[in-house]
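Trainee: Okay, here's the structure, questions in a sec.
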Amino acid sequence: MLETLMPNYTRLPVTFTKGEGAWLWDAEGNRYLDALSGIAVCGLGHTHPAITEAICDQAQTLLHTSNLYGIAYQQTLADKLIQISGMETVFFCNSGAEANEAALKIARLYGRHLKIDVPTVIVVEGAFHGRTLATLTATGNPKVRQGFEPLMPGFIRVPYNDLQAIENVALQHSEVVAVLVEPLQGEGGIQIPDASYLTKLRKLCDKHNWLLMLDEIQTGIGRTGKWFAYQHDNILPDVLSLAKGLGNGIPVGACLARGKVASIFQPGTHGSTFGGNPFACRVALTVLETIEKNDLISRVNQLSQRFTEGFSQKLNIAGVKAVRTKGLLIGIELDKPCGELVQQALAKSLLINVTAGNVIRLLPPFILTDEQVDEVIDKISQLVQHFLQAT
Ligand SMILES: *Cc1c(COP(=O)(O)O)cnc(C)c1O
């Protein structure tokens with residue numbers, strides 16, 4: 001076969017051709033239970049009727065004009081995001097990396113306003129922020145950065161969940177303007193920091209006049225059992241990046257800002273051809289309305305509880321180092337690398353992911369039934385038990 005796709009992905013030997021709710025089907029008609037939601041994207045499951053209807057209707061109405069004009073649904077979506085987040089302004093783009101690029105450009109401009117020559121952003125180990133040159137520089141995993149040097153200047157990396165390390169940077173570097181972190185790390189292995197981490201980080205940023213920039217691309221839009229993970233701590237960031245779950249499969253990202261940086265982007269400083277087009281905004285608005293109307297954030301918490309109880313009964317065994325759950329971000333850490341479990345789960349018609357080498361990651365959709373939760377728990381528990389005995 002002629003290789004026409006760039007070989008940057010190792011793909012599993014399956015192609016899905018149809019989806020409904022938490023189910024996916026391949027071309028042969030085999031059915032799979034999706035406990036990954038396309039990596040935290042399809043929180044409402046596949047082909048949710050409300051989303052499908054919005055897509056069809058908007059496709060028949062208007063897809064794209066330009067940010068040179070007012071855009072239907074863009075203002076309404078921005079208002080809704082502001083209402084649920086407590087932020088003040090929104091810039092729309094098309095992906096997570098772009099949302100973080102906007103955040104990093106805001107940090108640079110903020111530094112310029114403070115007359116800082118090399119505005120520097122503190123980032124952390126284990127972080128994932130994307131694949132563009134700036135966001136891969138911000139990313140913790142050396143494999144993501146390797147080969148793409150020279151990296152972007154203006155970053156300092158410290159360990160995650162370590163406020164003292166950040167204080168130490170403050171003592172040595174006067175050019176810091178912002179801290180960029182995930183409230184909990186997704187790609188990094190569902191790493192949940194100490195309960196006081198974000199609150200103390202907020203105070204630290206205030207003390208030094210730094211921006212607190214939260215990457216909620218994976219954790220946002222209900223995934224952790226609140227609209228945004230920082231709402232568990234009653235703080236507000238200065239800058240917030242969103243994508244994944246916002247469009248339920250339609251590419252859309254957003255960078256939200258507040259306070260002294262709410263209006264720092266002036267005409268000509270930033271933009272996007274596709275960003276915030278009528279189609280993406282209509283669909284994203286429908287995603288938010290559907291979550292709200294069906295009280296799906298409460299449902300995330302119920303489902304989370306069921307997963308936590310199920311796994312604590314069935315995976316309380318040697319070889320399982322920890323089960324970490326925050327809403328429907330679930331990480332099961334084993335005492336050895338377990339990448340092969342992805343394929344073993346696929347053979348049992350279950351879609352999961354393994355990240356950071358030894359952490360099974362589940363990001364199921366919010367519309368799971370109790371029976372589907374139990375099926376995921378049973379299958380994973382059997383796979384893990386078998387895997388630990390066999391290796
Ligand atoms: C997925 C992800 C990104 C990158 O998003 P893309 O849409 O792939 O560019 C950035 N940050 C976090 C936390 C993510 O999970």
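No lab work stands behind these numbers, since they all come straight from the coordinates. Only a predicted model underlies this, so the values are computations on that prediction, with no experimental measurement involved. Every residue, glycine as well, gets a Cβ built from its backbone with ideal geometry; the counts of neighbours run over all protein chains shown.
Trainee: Tally the residues that are within 11 Å of the ligand (Cβ to nearest atom), out of contact with any Gly (no Cβ under 8 Å at 6 or more places or on another chain) and without any contact (Cβ under 8 Å) to a residue 60 or more places away in the chain, restricting the search to region 175-225.
Mentor: 4
Trainee: Out of everything in region 240-284 that is away from the ligand (no atom under 12 Å from the Cβ) and hydroxyl-bearing (Ser, Thr, Tyr), what residue ends up being nearest to Phe228 (Cα to Cα)?
Mentor: Ser263
Trainee: Is region 278-285 home to any residue that is in a loop (DSSP other than H, G, I, E, B) and either surrounded by 15 or more Cβ atoms within 10 Å (Cβ to Cβ) or touching a His at 6+ places or on another chain (Cβ under 7 Å) (or both)?
Mentor: In the first step, residues of region 278-285 are kept if they are in a loop (DSSP other than H, G, I, E, B); the result is none.
Scanning region 278-285, I find no residue that is in a loop (DSSP other than H, G, I, E, B) and either surrounded by 15 or more Cβ atoms within 10 Å (Cβ to Cβ) or touching a His at 6+ places or on another chain (Cβ under 7 Å) (or both), so the answer is no.
Trainee: Pairs, please: C-beta under 9 Å, at least 6 apart or cross-chain, first residue over 16 Å from Ala262 (Cβ atoms) and in region 97-117, second more than 16 Å from the ligand (Cβ to nearest atom) and aromatic (Phe, Trp, Tyr)?
Mentor: Ile116/Tyr110
Trainee: Could you list all residues from region 124-162 that are within 12 Å of the ligand (Cβ to nearest atom) and of a type in the set (D, E, K, R)?
Mentor: Matches in region 124-162: Arg131 only.
Trainee: Looking only at region 8-45, how many residues end up being touching a residue at least 60 places away in the same chain (Cβ under 8 Å) and in a strand (DSSP E or B)? Break it down into steps so the answer makes sense when it comes.
Mentor: Taking region 8-45 and keeping what is touching a residue at least 60 places away in the same chain (Cβ under 8 Å), we get 12, 14, 21-22, 24, 30-45.
After this cut, where a residue has to be in a strand (DSSP E or B) as well, the list is 21, 24, 31-34.
Within region 8-45, residues that are touching a residue at least 60 places away in the same chain (Cβ under 8 Å) and in a strand (DSSP E or B) number 6.
Trainee: Could you identify the single residue in Gln146, Gln172 that is loosely packed, with under 15 Cβ neighbours inside 10 Å, free of Cβ contacts under 8 Å to residues at least 40 places away in the same chain and within 23 Å of the chain's Cα centre (by Cα)? So that I can check it myself, show each step before the final result.
Mentor: Working: Gln172 fails: within 23 Å of the chain's Cα centre (by Cα).
Sole residue among the options that is loosely packed, with under 15 Cβ neighbours inside 10 Å, free of Cβ contacts under 8 Å to residues at least 40 places away in the same chain and within 23 Å of the chain's Cα centre (by Cα): Gln146.
Trainee: Among (1) in contact (Cβ under 8 Å) with a residue 40 or more places away in the chain; (2) more than 30 Å from Arg299 (Cβ to Cβ), which single condition is Leu5 missing?
Mentor: Checking Leu5 against (1) in contact (Cβ under 8 Å) with a residue 40 or more places away in the chain; (2) more than 30 Å from Arg299 (Cβ to Cβ), the one that fails is (1).
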